[in-house]
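K.L.:
I'd like to ask you about the structure that follows.
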Amino acid sequence: MIKLSMFQSGEMVMGRWPGSSLYYEVKVLNFNSNTQLYTVIYKDGTELELKEVDIKRVSGFRQSGGRSRSRSRSPSRRRSRSRSPGRVTRRSTSRTMETRKDARKEPKVKEVQEVRLSPVVRALWCFLLCCLLALSVLAEPSLLPPGAFFMIFLLPTITVILLLMCSQKDPSLMNFPPALPSLDAVWDVQVFGLVVLWFFFQALLYLLPVGKVVEGLPLRSGKRLKYRINGFYAFILTALVLGVAHYQGVDLSYIHANFLQFSVSAMILSVLLSLYLYVRSCWVPQEDLAPAGNSGNVIYDFFIGRELNPRIKSFDLKYFCELRPGLIGWVVINMSMLVAEMKIQKLDAPSPAMMLVNGFQLLYVADALWNEEAILTTIDIVHDGFGYMLAFGDLVWVPFTYSLQSFYLVNHPSALSLTWLVTIITLNLIGYFVFRKANSQKNAFRRNPADPKLSHLRTIPTATGKSLLVSGLWGFVRHPNYLGDLIMALAWSLPCGFSHILPYFYIVYFTCLLIHRDARDEKQCRRKYGSAWNEYCRQVRYRIFPGIY
Ligand code: NDP
């Protein structure tokens, strides 16, 4: 059935600018009944094809906008972004919102903000952003109930602010998004469906009976839970499925074009999951609760997580969320940014900067999945309950804020000289070597202190029966694994150049996190190992964050 067009040729309407919540005054040129797309022309002469949902009548728009205002702005270099569902966007047929004229002409189009923010609100946003670093550090079991309550709202707010800021033409720290996004820009039922589908697809891969089954550390009850190690297989299978989908015409840049909607959908999913986790924790035996999340304060326990290892039969929800949907999702998001960059910047191949960011972070994720077993001895799995903090971290924070560099590069190209390129690669390799070697050395030592491969390393005994490494990387500096991680974090941001601080968000946040983690671990180890730890500190004097605490 041929659908009739709602808007007529020559009519002046408000057209949504691709990938944003901003509407501009445009003139309808024609309607293609086959593609169901309107060709519209902006005041600067830029022509785009828009879907009907992205067009509003001028009168209706002003009425519904209420406080709407206009202001001039030139979205130079921001060209088209496809919002059409991936399934129908074969390269040859993908004409949705395609810019027909060269947008390099610095178009001057009129922008209408749906809810313009007052300077007071902007100042508040600034304050919230500043709070992030301090509070991210506090997002640990030592957090107090008011802090937990604050964090429940602060984390999603910060995520949305970061994404809005990064999608601006000028993503300076003080250039806060001038308008709150419209409902359209944050919610899309199809996107939510895709996020849920992604979650269940990864769950299906987790259930595949491939890969070895290992035991975790003993629980308080003495029981040891079994875990299937098949994360790397899930990663490969996901890559194959996405590869096939790409060649079938699925356009990965759809994620970039709807990035905010994807993040909000993931937030909703994480909240639903956290509610489920909290409710089910009310029925589990006391011994299955995490000590830190069993304070009796509903908000605090909801945030920190009550149940230590929530499982549906053998399906371990925490273990699954730690490495699968979010971590693999991070790589998929990066790939989407890469495709979007080629499309928007009209490149035949991704830029070197984009390739570096993608390559480095791919290595990090692949490494985590390859060494999946190592997660079974981490604080997250052994000590922390599964609640909002981890659910949000795993499903939203990691995939949507750790991919900020590639998101930034889509609209903010960064040229790299060969020397600089080689320097950044070298830096990442050094970081990776230190990170991997340190973690592997410690893991191997903790699993089997008598391992002949480690016989060359010097150790000091402790009263607990465990020993401490005082040579190799652990004898060079305390927490060498943090050092390697930090070096890599720097290498992930450097490809974005020095025009803005936003792509350096990860390293700033991560430094704060590690400072706090380092201090917490230092305290715990001193309590655990007493004089042996003092002796370790005497022999290994260097710290990554000397004199900070
Ligand atoms: P570690 O893996 O460093 O674990 C710390 C523990 O190691 C100590 O409690 C102690 O436990 C043991 N240890 C300390 N010193 C020695 C020594 N000299 N010899 C032997 N054992 C020692 O900490 P994390 O779990 O915090 O970090 C693991 C990795 O994950 C790191 O590389 C970190 O950078 C990374 N990470 C990444 C994050 C991200 O968002 N990208 C977030 C958090 C961590 P014990 O003696 O009881 O065995």
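The values are calculated or read from the model by the stated rules, or taken from the named source; none is laboratory data. Small disclaimer: the values here were computed from a predicted structure and weren't measured. Note that each Cβ is placed from the backbone with ideal geometry, even for glycine, and that neighbours are counted across all protein chains shown. Just so you know, the surface numbers come from the protein's heavy atoms only, side chains and all, with ligands and any DNA or RNA stripped out. Shrake-Rupley method; radii C 1.70, N 1.55, O 1.52, S 1.80 Å.
K.L.:
State yes or no: is I161 β-branched (V, I, T), buried (at least 17 other Cβ atoms within 10 Å of the Cβ) and free of Cβ contacts under 8 Å to residues at least 40 places away in the same chain? Give the derivation first.
P.N.:
Values: β-branched (V, I, T): yes; buried (at least 17 other Cβ atoms within 10 Å of the Cβ): yes; free of Cβ contacts under 8 Å to residues at least 40 places away in the same chain: yes.
Considered against the rule, which asks whether it is β-branched (V, I, T), buried (at least 17 other Cβ atoms within 10 Å of the Cβ) and free of Cβ contacts under 8 Å to residues at least 40 places away in the same chain, I161 comes out as yes.
K.L.:
Still on this model: Is it fair to say L269 is open to solvent by less than 50 Å² (accessible area, probe 1.4 Å) and in contact with a strand residue (DSSP E or B) (Cβ under 7 Å, 6 or more places away or on another chain)?
P.N.:
On the way: open to solvent by less than 50 Å² (accessible area, probe 1.4 Å): yes; in contact with a strand residue (DSSP E or B) (Cβ under 7 Å, 6 or more places away or on another chain): no.
Considered against the rule, which asks whether it is open to solvent by less than 50 Å² (accessible area, probe 1.4 Å) and in contact with a strand residue (DSSP E or B) (Cβ under 7 Å, 6 or more places away or on another chain), L269 comes out as no.
K.L.:
Follow-up. Considering each of A438, A519, A491, A444 in turn, give the residue that is more than 10 Å from the ligand (Cβ to nearest atom), touching a Gly at 6+ places or on another chain (Cβ under 7 Å) and either closer than 21 Å to E373 by Cα or not charged (D, E, K, R) (or both). Show your work before the answer.
P.N.:
Working: A438 fails: more than 10 Å from the ligand (Cβ to nearest atom); A519 fails: touching a Gly at 6+ places or on another chain (Cβ under 7 Å); A444 fails: touching a Gly at 6+ places or on another chain (Cβ under 7 Å).
So the residue among A438, A519, A491, A444 that is more than 10 Å from the ligand (Cβ to nearest atom), touching a Gly at 6+ places or on another chain (Cβ under 7 Å) and either closer than 21 Å to E373 by Cα or not charged (D, E, K, R) (or both) is A491.
K.L.:
Answer yes if at least one residue in the range 314-337 is at pLDDT 95 or above, open to solvent by 40 Å² or more (accessible area, probe 1.4 Å) and under 17 Å from P495 (Cβ atoms), and no otherwise.
P.N.:
Among the residues of the range 314-337, at least one is at pLDDT 95 or above, open to solvent by 40 Å² or more (accessible area, probe 1.4 Å) and under 17 Å from P495 (Cβ atoms), which makes the answer yes.
K.L.:
If you don't mind, there's one more thing I want to ask. Kindly indicate which of S221, S274 is in contact with a helix residue (DSSP H, G or I) (Cβ under 9 Å, 6 or more places away or on another chain), part of a loop (DSSP other than H, G, I, E, B) and among the polar types (S, T, N, Q).
P.N.:
Details: S274 fails: part of a loop (DSSP other than H, G, I, E, B).
Just a single option satisfies the conditions, and that option is S221.
K.L.:
Going by what's in this entry, would L483 be described as crowded, with 19+ Cβ neighbours inside 10 Å and within 24 Å of the chain's Cα centre (by Cα)? Reasoning before the result, please.
P.N.:
Numbers: crowded, with 19+ Cβ neighbours inside 10 Å: yes; within 24 Å of the chain's Cα centre (by Cα): yes.
Against the criterion (crowded, with 19+ Cβ neighbours inside 10 Å and within 24 Å of the chain's Cα centre (by Cα)), L483 qualifies.
K.L.:
Can you tell me which residue is surrounded by the most Cβ atoms within 10 Å (Cβ to Cβ) among those in the range 282-296 that are modelled with pLDDT of 90 or more and assigned to a loop (DSSP other than H, G, I, E, B)?
P.N.:
If we take residues in the range 282-296 being modelled with pLDDT of 90 or more and assigned to a loop (DSSP other than H, G, I, E, B), then A290 is surrounded by the most Cβ atoms within 10 Å (Cβ to Cβ).
K.L.:
Moving on to the next point. So is D394 buried (at least 24 other Cβ atoms within 10 Å of the Cβ), within 11 Å of the ligand (Cβ to nearest atom) and of a type outside the set (G, A, S) or not? Outline the logic, then answer.
P.N.:
Details: buried (at least 24 other Cβ atoms within 10 Å of the Cβ): yes; within 11 Å of the ligand (Cβ to nearest atom): yes; of a type outside the set (G, A, S): yes.
Yes, satisfied.
Okay, residues lined up against (1) out of contact with any Phe, Trp or Tyr (no Cβ under 8 Å at 6 or more places or on another chain); (2) among the polar types (S, T, N, Q):
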position: S440; (1), (2): yes, yes
position: A444; (1), (2): yes, no
position: R447; (1), (2): yes, no
position: A450; (1), (2): yes, no
position: L468; (1), (2): no, no
position: P480; (1), (2): no, no
position: P495; (1), (2): yes, no
position: F498; (1), (2): yes, no
position: L502; (1), (2): no, no
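K.L.:
Which of (1) closer than 28 Å to R280 by Cα; (2) in a helix (DSSP H, G or I); (3) open to solvent by less than 30 Å² (accessible area, probe 1.4 Å) is the odd one out, the single condition A366 does not satisfy?
P.N.:
(1)
K.L.:
Filter the range 427-477 down to the residues that are assigned to a loop (DSSP other than H, G, I, E, B), open to solvent by 50 Å² or more (accessible area, probe 1.4 Å) and of a type outside the set (A, V, I, L, M) and list them by number.
P.N.:
Within the range 427-477, N448, P449, S455, H456, R458, T464, G465, K466 meet the criteria.
K.L.:
Residue under question is A532, and the condition is that it be of a type in the set (G, A, S) and either in contact (Cβ under 8 Å) with a residue 40 or more places away in the chain or away from the ligand (no atom under 13 Å from the Cβ) (or both); does it hold? Can you show your working first?
P.N.:
Values: of a type in the set (G, A, S): yes; either in contact (Cβ under 8 Å) with a residue 40 or more places away in the chain or away from the ligand (no atom under 13 Å from the Cβ) (or both): yes.
Yes.
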